[in-house]
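The values are calculated or read from the model by the stated rules, or taken from the named source; none is laboratory data. Since we're looking at a predicted model, the values are computed, not measured. FYI the Cβ positions are ideal-geometry reconstructions off the backbone, even for glycines, and counts take in every protein chain you see.
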Amino acid sequence: MTNFSLKNFIDGHYVNGDESRSFDVRYPATGEVIYRVEQAGEAMMLQAIKSAKQGFEKWSKTPAVERARILQKAARLLRERNDELAKYEVQDTGKPWQEAVEVDVQTGADSIEYFANLAPSMMGAQQPVGDDFFYTRHEPLGVCFGIGAWNYPIQIACWKSAAALAAGNAMIFKPSEETPRGAAKLAEIFTEAGVPDGVFNVVQGDAEVGRFLTAHPDIAKVSLTGEVGTGKKVMAAAAGTLKQVTMELGGKSPLIVFDDADVEEAVTGAMMANFYTQGEVCTNGTRVFVHESVYDRFMERLVERTRKNIVIGEPMDAKTNLGALISEKHQQLVLEYIEKGKQEGAKLVYGGNAVTPEGCENGYFVEPTIFADCHNDMTICREEIFGPVMSVMTFTDEDEVVRQANDTEYGLAAGVFTNDIRRAHRVIAQMQAGICWINAWGNSPAEMPVGGYKLSGIGRENGVETLKSYTQTKSVYVGMETLQGPF
Ligand code: NAD
């Protein structure tokens, strides 16, 4: 692996900064430092704002079809470089190559392509009012600020910038300090595709950088993907200048398996909802409610398939399907939750330990972990763990399981497995969650709006409505008669 220093990307190129304020990025599978990153200081952030404002002047005046053509080229370049970019994602996050090569870059490119195709169709309205009339224009907001989490670095950078740029805004993006490379690579690609300098700047650093830009009066909107606690801080800071916010936050989502479900399919869903990306997915269905009459069969197959089919190993190995957690600190946190689960009386039926696959002796791996006999009030059922830890509960009554599923401060996702078509829609209609799946889990196409209810978020990403959330409506009233007044 290369040993280099990643710089801030401003105004179409990498900018030399203050190397004394650098931090390390480690490969989570080995703990090895793979590169260093220069933290943006105040002068650098002001430079990013100045350049973004200039970029916005140009980009917002570029016709939407032309913006679309450029963004489509960026999506093409992302796809052409899929394998190279996927490898960076594996090195930064520790997730399995087999996922990154199929999902991370592709779903990012999908969103850019989707919004590029949508942008030229965004139309205002016109309405007569007597002999006069008015019309509306959807104008971009200005310079938007995107803040990313570490679990899907390039996908998050793509999803945020796709809608923002398609609508004619400029964006300054701050990736997570744990995974800073994907956004920088995206900036290179946007520039190569023809996005004008300054329209997508990437600043590097931790919460300090996030705080400065969130509070800055020249930023029109902040879109965060992160924890609920961070969301509260960012929203409070944005309130100082009444910025618009989009908040994509955490969850503790329920997955309900009814007695008429295809049990094998439900097990597939539960494993996807807990072990994909080693459990570091915001929409994870970590509270699995299984109807008592299918519980024994469900647990038998779940444990059997977890034992047989989960391959923990060096993430770049194509056979590995469970990688390393992001950091040692996070690994310890996940292990503490597992300990708490045991102390509070949940029955550990599988996993529960740190592991060190061959060649990854210093990596941050945790076994896929399954708890049975859980109660909704246990810590492991209330707090987001963000690791491969599944909590299984039983139920008999539909109303009761709906009540328990909603008994959480979060509201990101929910799912049901059932073959009763009426029950499926009846139960989903009662779920207090923004992203719901019926006999499926995890699919999130660019066409589908995603976001949270309750503490899981505000606003949406992807889907038609998101494009408009990066615009403001201007109403223009046109008087056709000579203006009469009382003066
Ligand atoms: P985090 O909240 O610790 O950090 C997210 C980002 O916010 C980072 O870039 C961080 O540097 C920045 N940040 C931290 N404090 C800040 C502040 N005061 N002001 C401005 N920026 C600040 O989250 P994380 O650990 O990187 O990611 C995991 C979390 O993200 C989980 O809770 C997960 O559920 C959530 N997530 C949500 C979605 C979604 O779409 N809803 C998707 C992925 C991850």
Qualifying positions in segment 382-403 - surrounded by 23 or more Cβ atoms within 10 Å (Cβ to Cβ) and farther than 23 Å from residue 260 by Cα: 385, 386, 387, 388, 389
Enumerate the pairs (first residue in segment 431-450 and modelled with pLDDT of 95 or more; second residue anywhere and hydrophobic (A, V, I, L, M, F, W, C) and in a loop (DSSP other than H, G, I, E, B)) with beta-carbon separation below 7 Å, excluding pairs fewer than 6 apart on the same chain, so at least 6 apart or on different chains. 433/412; 434/412; 435/412
Residue by residue through segment 186-218, note down the ones that are under 26 Å from residue 77 (Cα atoms) and in a helix (DSSP H, G or I). 186, 187, 188, 189, 190, 191, 192, 193
Taking into account only those residues within segment 194-229 that are aliphatic (A, V, I, L, M) and more than 15 Å from the ligand (Cβ to nearest atom), which is surrounded by the fewest Cβ atoms within 10 Å (Cβ to Cβ)? 220
Between residues in segment 476-487 that are at pLDDT below 95 and residues that are assigned to a strand (DSSP E or B), which pairs lie under 8 Å by C-beta distance while being six or more apart or on different chains? 481/132
Answer yes or no: is there a residue in segment 21-28 that is more than 25 Å from the chain's Cα centre (by Cα), not hydrophobic (A, V, I, L, M, F, W, C) and not in a helix (DSSP H, G or I). yes
Checking the conditions here, which among 425, 375 is outside any loop (DSSP other than H, G, I, E, B) and away from the ligand (no atom under 16 Å from the Cβ)? 425
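A quick yes/no check of all residues on (1) near the ligand (Cβ under 10 Å from one of its atoms); (2) in contact with a Lys or Arg (Cβ under 7 Å, 6 or more places away or on another chain); (3) without any contact (Cβ under 8 Å) to a residue 60 or more places away in the chain:
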site	(1), (2), (3)
128	no, no, yes
137	no, yes, no
140	no, no, no
146	yes, yes, no
150	yes, no, no
156	yes, no, no
159	yes, no, no
168	no, yes, no
Do the conditions hold for residue 459, that is, is it touching a Ser or Thr at 6+ places or on another chain (Cβ under 9 Å), within 14 Å of the ligand (Cβ to nearest atom) and under 30 Å from residue 126 (Cβ atoms)? yes
Hey, does segment 147-167 have a residue that's among the polar types (S, T, N, Q), in a loop (DSSP other than H, G, I, E, B), at pLDDT 95 or above and more than 30 Å from residue 279 (Cβ to Cβ)? no
Pick from segment 257-298 the residues that are in a loop (DSSP other than H, G, I, E, B), within 16 Å of the ligand (Cβ to nearest atom) and not acidic (Asp, Glu): which of them is surrounded by the most Cβ atoms within 10 Å (Cβ to Cβ)? 284
Would you tally the residues in segment 231-251 being in contact (Cβ under 8 Å) with a residue 40 or more places away in the chain and in a helix (DSSP H, G or I)? 3
Do we find a residue being within 22 Å of residue 160 (Cβ to Cβ) and within 16 Å of the ligand (Cβ to nearest atom) anywhere in segment 383-405? yes
(1) within 16 Å of the ligand (Cβ to nearest atom); (2) surrounded by 22 or more Cβ atoms within 10 Å (Cβ to Cβ): which one isn't true of residue 96, the others all being true? (1)
